[in-house]
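Below: the structure, in structure tokens.
We did not get these values from a lab; they are worked out from the coordinates using the rules stated. None of the values given here were measured: they were computed from a predicted structure. Neighbour counts run over all protein chains shown; Cβ positions are idealised from the backbone, glycine included.
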Amino acid sequence: MAPSRLLGIAITAVATLFLSSPGDAYKTQQSTSIFSFSPDGTGLQLGGPSLAPEIRVSPEDFPGVIRVANDLAADFGKVLGVNGTVVVADWSAAISSSQKTTRPIIIVGTAGKSTLIDNLVATKKVDVSAVANKWEAFTYQVAQAPWAGKEDGVFVIAGSDLRGTVFGAYDVAERIGVSPWYWWADVPPTKRQAIWVQNSPEARHTEGPPSVKYRGIFLNDESPGLTSWGHAKFKDSKYGSPFITDFYKRIFELVLRLKGNYVWPAMWSSMFYLDDENNGPTATLYGIFMGTSHHEPMARADKEQGRFLKGSWDWKSNKAGVQTFMQEGATRSRNWSTIYTLGMRGSGDAASATLTSASLVEIIKWQQSTLTKALGKPLSEIPQTWVMYKEVPGYWQKGMDVSDDVTLLWSDDNRGNIRRVPVANETNRRGGSGIYYHFDYVGSPRNYKWINTIQLQKTWEQMTLAYDRGIRNIWLANVGDLKALELPTAHFMALAWDRSSFDDPGSTTEWLTDWSGRQFGEAAAAATSSIMTTYGKLTARMKYEDLSNTPFAFNAVNYDEAELNYKEWTDLLTKTQAVYDGLPSATQNAFFEVVLHPVLAGKTVYEIYTKVALGAKYANEHRISANQFAKDVQSAFAADSAITKRFHSILDGRWNHLMDQTHIGYNNWQEPSSNSLPRLTTVTTAAAKDTLMGVTAQGSTSAFPATAKLSLPALSPFTAPGEQRWLDVYLRDNGTLSYKITSSVSFITITDAQKTISSTAGGTTDSRALITADWAAAPRAPHPQPSPHPPLENPTALPPADFKGHIEASGVVSIEAEHSSQSLSSKDYTIIPTYGRTLSGVRLPTASASQSPAKGPVLVYPFFTFTNAASASLTFYLSPSENANPSSPNRYSFSIDNGTATTVQPVPLGNAGDEPAGWSQAVIENAYVKKATLGKLAPGRHELRVWLLEPTMVLTKLVVDVGGLKTSLMGRGRVFW
């Protein structure tokens, strides 16, 4: 082999490479429980071996209370092995029957509706003053000696209204060991030998009213998953829909167990009120308010238009037909609990070509008049909402005379960014405001409706913004098929029920740990919380459906970005699998469905796209391992199908079809008809005739022998921990090769410096040699030295001893937003841990007012550079937040070294109802990336000052480029501090 030179490396016949150089404990969010489960506990015993309670309900109470009492009796059976018994009896009958039983007694009832509760209140045995006459509140406590002859007490669950009582019963069920997800996620009940409740006067638990009045979910984009599963699980209605009462009973129960009260039904091919005549009355029996989606006014489904509307769905040309159609919806639902969607859009969830602001005012006034007549109630007693979705805010922005009784239901951008918060007189409306939020979506720039891609910290940030800006009447989440979105659904509902328990930015992690412990056991709580926090960060970088955009978003060359991102996935799967393997078998199904499946399936999809990108790089370098990567991609593609089959085989096919959604091979916004492999790149080994050995350097787009001049990124003592420098030696053809790498200086260390690589079975065709330096022994070199020496940065002009801040490495200063040198007061800035794509996010408190440019609370970032930059730049990475306050768009100011401050508006203003320019790229990458030119920047100490001016935006990262920044998705993705 002819000698060649690269990086000062001599390649000889024996393939010698020569380097030379010149110089946990978790905190529960739930309140302390008044229950205990020791066999020899104290207090009032509610259950034990072959002992379950008798649950008393007044016959005058709501039928929904009698229903939930039966659920509670069954819940005791789930944990004890023997069901409770429900007795419907008035006060005198209850006293009489209690003298004939030795079983524990639980009284469940609604204050003012139950004679059992009211008599206990009248005799001062129970205190319901904390919940009386309130919305959806409950209390439970022991009533000592409730009547003559009953000295040992009874346990009382009292609600302020129907749902308050239901929530109280389900809250007790959860605390004794029955998860709200026992049916929908197969979470096993916690088995108990005994159940005791404290019986001291102070042992009382009270919750409510809720933070948000109406809280619920929208089943949407439900085909192929939920619909196909439903066809197999339930009997189809005469209209062909599987979403009949037996299905909705399961939905209603889950929503109530999550302390919710509102549902938008599945609607792609369904008609809630017609698919089963019992759907409407059953919702009311349970205590659920039903609504219809943003384009289905007056309690009539979209699919009813094609069947029953006479004429076109157009107010201008067919007003009489549309009015008759809407009138029938109001009349049909008048005896059921309904929140009426008002307004109107075009047919089929599209904008209308004929509607105007004036015509919408006419439509809403007619709808309200129709409702008052049909229901016989004043407007103030009729829940009603108008959904500010897509183009609709454009009508509102032009000025409209709409009754204050209407709740304005604002929306996100379908990607989790709230488009609008109430401003000016919108904050004082009687109907208040609401938010329609997406965990699932069909539309531009890509559908995302396969599995969970929601970062809980983002939900917390946006819902906190909503709540603090007065959006408190309705919170509704689009949860798609529901299955696979259990975790974000549970989190959203918990936020809506008790926003005060989420005041701290770290509360999401606390809640997640507590929730994980309740689903999978306390031993797995901390690990599961960590897993799903990391999972949220990884999916926040890019949703699965967006990965097929070309070129691959994660750079396959610079900063090892694609490799390192994929390694995070493989490390996460290893951790998740270990937790799964250590769980009791009864818990493994639930853990697989909610935790292991998304991690395993997500890692597999990322493997496909990452190895396609790396395989193309390897093929360009003529590595025969490119062919192995192609095989790996094919294996991963087959594994994706196998993972789906595994999910569908759980519990003898219990969830068959729910993962039918295609998710690989998108080439536009709409889902592909089938999953398809990306194009693979391979090499022909016969082409490698000149040399068997190939060599490439980190960060290089070329390789030896195509070039004899390779360069590594500079070695620096200020390179972040964990960031490596490497050379890859590889085979270009089948065969065996021995190589040796030596260094002429002692301060350079090389791993795997001598090795044999082989294409034979069991051999490895690629070897990575890591290169490090002993900086105490290395000579000083203010700048990278030219070839033939490897780049070395060991600056002579070091930062002063008192310097604390960020230091340049390889021409870049990378700064995480929370690493301000100022001690950040919560009154000034909020740090959101584990938010976004890397470390965290920083924002102004959401209730704060807009700031003046370059004034007010400031973020300070000292940094030190070695390069004399002729044209430095600064890149801001912000969440893809919208200009939620149209009169005060998102802005920030910055200055360098106390120079003149520059103010930037990162998100351009557009027409109300339209997405701003750059929105598609921002939501795909989950970041607005804004670059500013700094001009000349001399070496030495500097200070970057940043002012966030709007509380509707979040800063995650800043990168100063003094000449070395390379292209990447995440701005180098390393923390220097």
Would you kindly derive the ³J(HN,Hα) couplings of the range 539-547 from the backbone phi angles with the Karplus curve 6.51 cos²θ - 1.76 cosθ + 1.60 (θ = phi - 60°), listing them in order in whole Hz, with x for Gly and Pro?
-> 6, 5, 5, 5, 6, 4, 5, 8, 5
Among R446, R843, rank each residue by its count of other Cβ atoms within 10 Å, from fewest to most, as a rough exposure measure.
-> R446, R843
Sorted largest first, extent of the range 810-961 alpha carbons per principal axis (Å) = 47, 32, 30
Cα gyration tensor of the range 35-202, axes a ≥ b ≥ c as square roots of the eigenvalues: rounded (a/c below 1.5), prolate (a/b > b/c) or oblate?
-> oblate
From the square roots a ≥ b ≥ c of the eigenvalues of the alpha-carbon gyration tensor of the range 214-503, which class results: rounded (a/c under 1.5), prolate (a/b over b/c), or oblate?
-> rounded
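As a quick test, which of the pairs K134/K398; K213/K458; K804/K936; K249/K377 have an alpha carbon distance above 32 angstrom in this structure? Walk me through the intermediate numbers first.
Details: K134/K398 38 Å; K213/K458 22 Å; K804/K936 23 Å; K249/K377 28 Å.
Listed pairs above 32 Å: K134/K398.
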Once you put a point 7 Å from the Cα of W669 and another 7 Å from the Cα of A706, both along the Cβ direction, what distance in nm separates them?
-> 3.8
Which of H491, H648 comes first, and how do the rest follow, when ranked by fewest Cβ neighbours within 10 Å?
-> H648, H491
Helix-only CD estimate at 222 nm, as mean residue ellipticity for the chain, using -39500 (n - 2.57) per DSSP H run (n ≥ 4) | -8500 deg cm²/dmol
Spread of Cα-to-Cα distances over 5 Å intervals beginning at zero, given as percent, for the range 132-176 = 6, 25, 21, 19, 16, 12, 3
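First select every other residue whose beta carbon is under 15 angstrom from the beta carbon of S433; then total the charges, Lys and Arg +1, Asp and Glu -1.
+4
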For the range 805-820, Karplus-derived ³J(HN,Hα) couplings (6.51, -1.76, 1.60; θ = phi - 60°; whole Hz; x for glycine and proline) come out as x, 9, 10, 4, 9, 6, x, 9, 10, 10, 10, 7, 4, 6, 8, 6
Would you mind putting 668-676, 764-772, 796-804 in packing order, based on average other-beta-carbon counts within 10 Å, highest first?
-> 764-772, 668-676, 796-804
State the label only: which of (i) 31.9, 106; (ii) 39.4, 124; (iii) 29.7, 101 corresponds to Rg and Dmax of the Cα atoms in Å computed from the shown model?
-> (i)
